[in-house]
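Before any comments, here is the structure.
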Amino acid sequence: MPGIPLRNGGPAARIAVIPGDGIGAEVTPQAVNVLRAVTAPARRPLEFVEFDWSAEKYLREGVSLPPRAVEMLRDEFDAILFGALGDPRVPSNRHAADILLGLRFKLDLYVNARPVELLHDRLTPLRDRTEKDIRLMVFRENTEGLYVGVGGFFKKGTPDEIAVQEDVNSRKGVERIIRYAFEYARQNGLKRVCMSDKSNAMNFAHDLWQRVFKEARQEYVSIDSRHLYIDTLAMEIVRDPSQFDVIVTCNLFGDIISDLGAQLAGGLGLAPSANIHPGKTSLFEPVHGSAPHIAGKGVANPFGSVLSSAMMLEFLGWKPEAAALRTAVRAALRENHVTPDLGGEKRTVEVGDWLAIKSVEALAHQR
């Protein structure tokens, strides 16, 4: 997918690496190896600093995010390459929530960008659809909504228990994600923006989304903008994904619709994401989770991590290198040099090594 370079595009960058748990610790090193390979020919050094903030460490020390970790990442790093968090030994998933949601909120990473792009026709479950039909971007508001943790219990554990979860929407939060979606479309020559909500039922929170969208769209008259209720959007994206270029929605709906889109494009193993605050330290991660059932078997698919790394390079302003990574992934799919989840027989390390070589070749062919 096209993107917007949001960092300074300088000759060097400092990257914090958080491999995390499960397959995150297997795919992240492959992404780092590919990044080292593709940036070396241009003499654009990337400095990688790894942090062990895994469940193992949490169980051992009782610490998820160390003191002043957020300030360190904000002040000393250009970007964060994230693996995955989650371990069945932490049933509450406390350390994962502390770290991932903590970084999203405390670094104010208000843009969750989820490209939905079919990289090979055979991967989609939709009949008679090709690569040209499935190519869009979902922007999810990433710091508000139902994920802020406002609410509580009354008479918990009794037959009269009541649970309340508040949906928080600020005008600032809604406006900046909607404007980001329009700006992304304009800067990348895309013609259609769809805002999705449930304002026919959520007539306070999503009335705000309606009003802000109507105001913003007047400033982008060259872009075809429309609104769909989220249930209608879910139906339409399955019926005809080619009708969408950019989708923007709230935190919860964006979480759901982007996973639906990922499945249309081949599954979560291929899905990258970015958590962005324009011009500031931002976080890039695959969305497949820690997948403990296959962890340690050497068969995890590194494509999501590598494609997330391509988004990170684009954010840093290194577009040729980002394009080379995407070209290498497409070549791997075309030549079936893939892990078992995609019908291949290759191991994680084999795919990573192959992508490193192919990305360098792809970069050379651009010149």
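Some notes on this structure:
- Ellipsoid semi-axes in whole angstrom, largest first, where each is sqrt(5λ) of the Cα gyration tensor of the range 115-268: 30, 21, 12
- The fewest-to-most ranking of Glu76, Glu50 by surrounding Cβ atoms within 10 Å reads Glu76, Glu50.
- Between Val150 and Glu215, the distance separating the two model label sites (each 7 Å from Cα on the Cα→Cβ line) works out to 1.9 nm.
- Fewest-first sequence of Leu101, Leu136 by Cβ atoms within 10 Å of each Cβ: Leu101, Leu136
- Counting only DSSP beta bridges with both residues in the chain, the antiparallel share comes to about 40 percent.
- Loop-resident trypsin sites (Lys or Arg not before Pro) (DSSP state other than H, G, I, E or B) in the range 53-84 with no more than 12 further Cβ atoms inside 10 Å of their Cβ: Arg68.
- Note on the chain: GNM, Cα springs under 10 Å; of Asn200, Asn142, Asn188, the largest mean-square fluctuation is that of Asn200.
- Cα centroid separation, the range 45-98 to the range 295-367 (Å): 24 Å
- Residues Ser222, Ser309, Ser64, Ser290, sorted so that the one with the fewest Cβ neighbours within 10 Å comes first: Ser222, Ser64, Ser290, Ser309
- 13 Å Cα-Cα reach of Lys57 towards aspartates and glutamates, excluding residues that sit fewer than 8 places from it in its own chain: Asp21, Asp87
- Across Lys214/Lys280; Lys106/Lys172; Lys132/Lys191, pairs whose alpha-carbon gap is larger than 19 Å: Lys214/Lys280
- Of all DSSP beta bridges confined to the range 115-268, the antiparallel ones make up roughly 35%.
- Projecting the alpha carbon convex hull of the chain along each direction and taking the average yields 19.4 nm².
- Residue among Gly266, Gly352, Gly343 with the largest mean-square fluctuation in a Gaussian network model of the chain, springs linking Cα atoms under 10 Å: Gly343
- Only helices enter this figure: runs of n ≥ 4 DSSP H residues, each worth -39500 (n - 2.57), summed and divided by the residues of the chain, yield -11500 deg cm²/dmol at 222 nm to the nearest 500.
- Comparing Ser305, Ser92, Ser258 in a Gaussian network model of the chain, where Cα atoms under 10 Å apart are tied by springs, the biggest mean-square fluctuation is seen for Ser92.
Every number here is computed from the coordinates shown, using simple stated rules; none is lab data. None of these values were measured; they are calculated from a predicted model. Positions of Cβ are backbone-derived with ideal geometry, glycine not excepted, and every protein chain shown enters the neighbour counts.
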